[in-house]
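Asker: Structure in structure tokens, see below.
The values are calculated or read from the model by the stated rules, or taken from the named source; none is laboratory data. Since this is a predicted model, take the numbers as computed values, not measurements. Note that we place each Cβ from the backbone using ideal geometry, even for glycine, and neighbour counts take in every protein chain shown. When the accessible area is computed, the model is the full protein with side chains, heavy atoms only, and any ligands, DNA or RNA have been set aside. Shrake-Rupley method; radii C 1.70, N 1.55, O 1.52, S 1.80 Å.
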Amino acid sequence: MEAHVERLEKVWAEPAGIVSFLTSVDHKRIGIRYLFTAFAFFVAAGIEALVMRAQLARPREGLVSPETFDQLFSLHGTTMIFLFVTPMLSGFGNYLVPLMIGARDMAFPRLNALSYWIFLASGLFIYSSVPFGLAPNDGWFNYVPLSEKAFTPDKNIDFYALGLIFITISTTAGAANFIVTIFKLRAPGMSINRMPLFCWAVLATSFAVIFALPSLTVANTMLELERNWGFHFFQPAHGGDPLLWQHLFWIFGHPDVYIIFLPAIGIVSSVVPVFSRRSIVGYEWLALATVLTGIVGFGVWVHHMFATGLPQISMTFFSAASFMIVIPSGIQIFAWLATMLTGRPVLKTPFLYVLGFVVVFVIGGLTGVMFAAVPFDQQTTDSYFVVAHFHYVLFGGAVFPIFAGVHYWFPKMSGRMYHELAGQVSFWLVFVGFNLTFFPMHVSGLLGMPRRVYTYPSGLGWDAYNLLSTIGSGVLAAGILVIVLNVLWSLRRGAPALSDPWGGNTLEWSTSSPPPHFNFPVIPIVRSADPNWDLEDRRQDALRLERGELLLVDGHQTLATTVLEGEAEEELHMPSESIWPFVLALAFSVVFFGLLLHLYGVATLGCILVAGSIAGWHRPQRELQDQ
Amino acid sequence: MTTVAYARRATEPTTEAAPRSASNGWWGMVLLVATEGTLFAVLLASYFYVRFKTSGGWPPDGIADPKLLRAFVMTVLLTASSFFMYAAESGIRRGRQRALVLGLGAAFLLGLAFLGLQIWETVVVARELTPRTDAYGSLFFTVTGAHSAHLVAGLLLMAWIQVRAWFGVYSQRRHLGVQMAAIYWYFVVAVQLAIFVSLYLTPRI
Ligand code: HEM
């Protein structure tokens, strides 16, 4: 047994050092990088938000100019959506999916590395606009005609459009990787109806990505062609239509709300049963609701456009679809509540964040249902009521679960416990700060305060609510600071974590904390949806390790199984470290900077580099040896 | 299902027989095609959106209907190439190397011919209609341009697979590369069919 483990160590080990840093394909390292990088962008966008709140603290404040304010909210929104929430959840997915399904890596480890490098490169691409004062400034949905050359001649919009096309490559590749991993690499016996709900959520999200992102790519490509190459898509004077942008954007944008929200739900569904000390109630219903949410999300895009004057009948259809989304959300809320009420809840930090999520999300859901009524929407559109609503949904729906996940999986990832008291303090600061920041915005919105204004006159009754909001954002920031300090402190000083500090039900808790490079010394065999609670099965795994069965020690190996039943099928050889993903991401950066600066020679060179890196990546040696 | 039976089946991966279900690479390619297919669906939807928002004729006033003959020939050539691709793929599934090499070669040449005609077509159309003319021109060239880009990628992929086929890399059991190239190529062909119907035929009805 010792010998087997040693051999695995040798096969999977990635040495320390810069080379290994650039070539690593270990999904755990990549996952953690995703988490850190996305969090850094969260901090950046948070600082932008604090500056905005400072500017809005009192009427006629002059901290920033109107132009800067435009850039602040645009960059804040764009960063939060594309560079924080989505990649943060990819980070969790990357780290956890292979562990949860009992695999040793993702289906395409090198593609996985590529996704990360492109995410990093595109984020830096967008942020390279900041030192030049050219950050995107037309809001996160970048409506034409304002974003056209005639009205925004500078490169602000090009940073936005090219940056988003760039990051789409990363997100799409990541989604395809998740789908194949979940379909093909589950441990034997993990039929699709025994898969952890987190994996269901990642699966549904990934499908939504596959079908939603092309629309964003098309919209931004058209915009670039129009701005820089003289094409016409959105200008009525040339036979185009500005509403085309809005349709294309929201065909992507609404599913994107669920792309953000579904993995967060997956985190909640992971935490709830463990801290309620029982299996989740209504597993099938939750899985179904997850899939339904992903699908119905595509039917609702027009509700972002109720104020544009579409034909009545189509408005009615989309209004109905918007109401319908309430059904799967309702199912989920009730399943979680039922689990909590019939279990024996343990109020640790992750669970507190989940409770906070439920409260905030229900409020956000209620205001959301209000919008689904067309007349109400037309009254409040573009007011601070909307800002309040989407922060309840996005912060409540995604950031609370993310913080739950950070605390819940911290011991697994680091091998140490976080500080519980500090965790609880952070929760209360975040919860109170959040509501103090965003609840008053409902009121100021109903009192008529429009969104995206850099200042306002006094005497409209908005002053107190804005001041409260700004104070709230300070409290919120303090809470987030406590989380950061807790993580930094615990990484060094935290009590050592056992492999399973929470009594978790999924497979990641069956291996050590942090897991070895190869995840599992022996591929587990699974017979229920709570595999880590099946003590007998885990004992069998240990016995098989003794006997030397199903170890797969000849190279980077894992087991492929069938899509639905999860029956063992063949041993797969996975690719190991490679520099090409990093090189390819660099090559793509050359292309995008070339396009941005109108250096088309450079862009062409970049394309050649891209083709060359792809060829280098696929140098056939390996496969030839196999055969 | 008893534990014992299950554990036995699970611990003996069927490495000998060909896998029963589709492999990772197959799924990866299918997902790539799904997302790229969506891209073209969105492009064509934009085309129709602008068209139905345009009052008056289509193509807009003063622009002639697209000519059918060359586009028709192109579509036929490309469709034919997909049959050769199929012959290559089903050939190697039975272990026939010759069928593989010849099929791939024919499909590649037809694709190349298509590309030549596409360039000719673009030059001819561009005499009276450019992307800068109006939204119609922009959409026309964006759609066909995007397709050409995918076609070139498909040709490069095929050339690669081709060369490897000459060296006898593929066998009855291991020919995932061929399968993947074929899926991609069928996709390129299907998009051309959609383009022919949407951009060339529908303006005439
Ligand atoms: C950390 C606490 C946060 C604070 C204090 C904050 C504050 C703000 C403020 C003041 C605005 C500008 C409103 C306006 O002028 O119209 C804004 C806009 C926005 N925020 Fe946040 N926000 C926070 C977190 C988030 C998060 C976590 C997300 C998404 C996941 C997010 C997404 C957005 C979006 C999409 C916009 C709209 C930008 C636009 O108008 O184009 N925010 N936020």
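Asker: Which far-off residues, 5 or more places away or on another chain, put their amide H under 5 Å from the one on A:Leu572, with H placed in the peptide plane?
Answerer: Those qualifying (amide H under 5 Å, at least 5 residues apart or on another chain) are A:Thr558, A:Leu559, A:Ala560.
Asker: Using θ = phi - 60° and the Karplus form 6.51 cos²θ - 1.76 cosθ + 1.60, what ³J(HN,Hα) does each residue of the stretch B:179-187 get, whole Hz, x for Gly and Pro?
Answerer: 4, 5, 4, 5, 4, 4, 5, 4, 5
Asker: Still on this structure, I have one more. Just reorder A:Asp241, B:Asp61 by solvent-accessible area, largest first, 1.4 Å probe, all chains present.
Answerer: Sorted by accessible area, descending: B:Asp61, A:Asp241.
Asker: With only Lys, Arg, Asp and Glu charged, each at its Cβ (+1 for the first two, -1 for the last two), find how big the charge dipole of chain A is about the Cα centre; round to the nearest 20 debye.
Answerer: 1040
Asker: Hey, another quick one. Inside 10 Å of the C-beta atoms of A:170-182, what's the mean count of C-beta atoms belonging to other chains?
Answerer: Per residue, the number of nearby Cβ atoms from other chains is 3 on average.
Asker: Working from Cα positions, state the angle (0 to 90°, nearest 10) between the long axis of helix A:86-100 and the longest principal axis of chain A.
Answerer: For helix A:86-100, the angle is close to 20 degrees.
Asker: Then there's this: Which net charge results when you count Lys and Arg as +1 and Asp and Glu as -1 among the other residues whose beta-carbon is under 11 Å from that of A:Phe69?
Answerer: -3
Asker: Order the following by accessible area, largest value first: A:Glu549, A:Glu569. Probe radius 1.4 Å; ligands, DNA and RNA are ignored.
Answerer: I get A:Glu549, A:Glu569, largest accessible area first.
Asker: Give the angle, between 0 and 90 degrees and rounded to the nearest 10, that separates the Cα long axis of helix A:349-372 from the longest principal axis of the Cα atoms of chain A.
Answerer: Compared with the principal axis, the helix lies near 40 degrees.
Asker: How large is the helix-only mean residue ellipticity at 222 nm for chain B, computed as the sum of -39500 (n - 2.57) over DSSP H runs with n ≥ 4, divided by its residue count, in deg cm²/dmol to the nearest 500?
Answerer: The helix contribution divided over chain B gives -25000 deg cm²/dmol.
Asker: Also, quick follow-up: With a sphere of radius 14 Å drawn around the Cβ of A:Pro457, what net charge do the other residues whose Cβ falls strictly inside it have (Lys, Arg +1; Asp, Glu -1)?
Answerer: Charge balance near A:Pro457 sits at 0.
Asker: Per residue of A:557-565, how many C-beta atoms from partner chains lie within 10 Å of its own C-beta, taken as a mean?
Answerer: 2
Asker: Further question on the same structure: What accessible area, in Å² to the nearest ten, does a 1.4 Å probe give for A:Lys348?
Answerer: 70
Asker: While we're here: Just want the answer: with Cβ charges of +1 for Lys and Arg and -1 for Asp and Glu, which residue in B:Gly111, B:Val76, B:Ala99 is farthest toward the dipole's positive end in the stretch B:59-124?
Answerer: B:Ala99
Asker: Rg and Dmax of chain A over Cα atoms: what are they, in angstrom?
Answerer: Using the Cα atoms of chain A, the pair Rg, Dmax is 24.5, 80 Å.
Asker: Which of the lysines could be linked to A:Lys412 by a straight reach, that is with a Cα gap under 23 Å, when you skip same-chain ones fewer than 8 residues away?
Answerer: A:Lys10, A:Lys28, A:Lys348
Asker: Before anything else, pin down the relative contact order of the stretch A:1-97: Cα pairs under 8 Å, at least 6 apart, normalised by residue count, whole percent.
Answerer: It comes to 44 percent, rounded to a whole number.
Asker: Now, a different point. Which net charge results when you count Lys and Arg as +1 and Asp and Glu as -1 among the other residues whose beta-carbon is under 13 Å from that of A:Tyr418?
Answerer: Net of charged neighbours comes to +4.
Asker: Follow-up question, since we're still on this one. Once ligands and nucleic acids are excluded and a 1.4 Å probe is used, how much of B:Ser90 is accessible, expressed in Å² to the nearest 10?
Answerer: About 20 Å², ignoring ligands and nucleic acids.
Asker: Here's something else I'd like to know. Within 10 Å of each Cβ in A:566-574, how many Cβ atoms from other chains are there, averaged over the peptide?
Answerer: Mean partner-chain Cβ count within 10 Å for A:566-574: 5.
Asker: If you don't mind, another one. Which value, in Å² and to the nearest 10, is the accessible area of A:Leu63 when all protein chains are kept and the probe is 1.4 Å?
Answerer: 100
Asker: Now for a separate question. What residue among B:Tyr184, B:Tyr136, B:Tyr49 has the largest mean-square fluctuation in a Gaussian network model of chain B, using Cα springs under 10 Å?
Answerer: Result for chain B, Cα springs under 10 Å: B:Tyr49 fluctuates most.
Asker: Okay, moving on. Taking Cα centroids, how far is the stretch A:203-256 from the stretch B:152-205 in Å?
Answerer: 27
Asker: While we're here: Rounding to the nearest 20 debye, state how big the charge dipole of chain B is about its Cα centre with +1 on each Lys and Arg Cβ and -1 on each Asp and Glu Cβ.
Answerer: Charge dipole of chain B: 660 debye, to the nearest 20.
Asker: While we're here: Going by a ≥ b ≥ c, the root eigenvalues of the Cα gyration tensor, does the stretch A:327-407 fall in the rounded group (a/c under 1.5), the prolate group (a/b larger than b/c) or the oblate group?
Answerer: Cα axes put the stretch A:327-407 in the oblate bin.
Asker: Among A:254-266, A:41-53, what's the highest-first ranking by average C-beta atoms within 10 angstrom per residue?
Answerer: A:254-266, A:41-53
Asker: Now for a separate question. Amide H of A:Arg416: which non-local residues (sequence gap of 5 or more, or other chain) have their own amide H closer than 5 Å, using H built in the peptide plane?
Answerer: So A:Arg416 has HN proximity to A:Ala497.
Asker: Continuing with the same structure: For A:Cys199, A:Cys607, what's the largest-to-smallest order of accessible area, 1.4 Å probe?
Answerer: A:Cys607, A:Cys199
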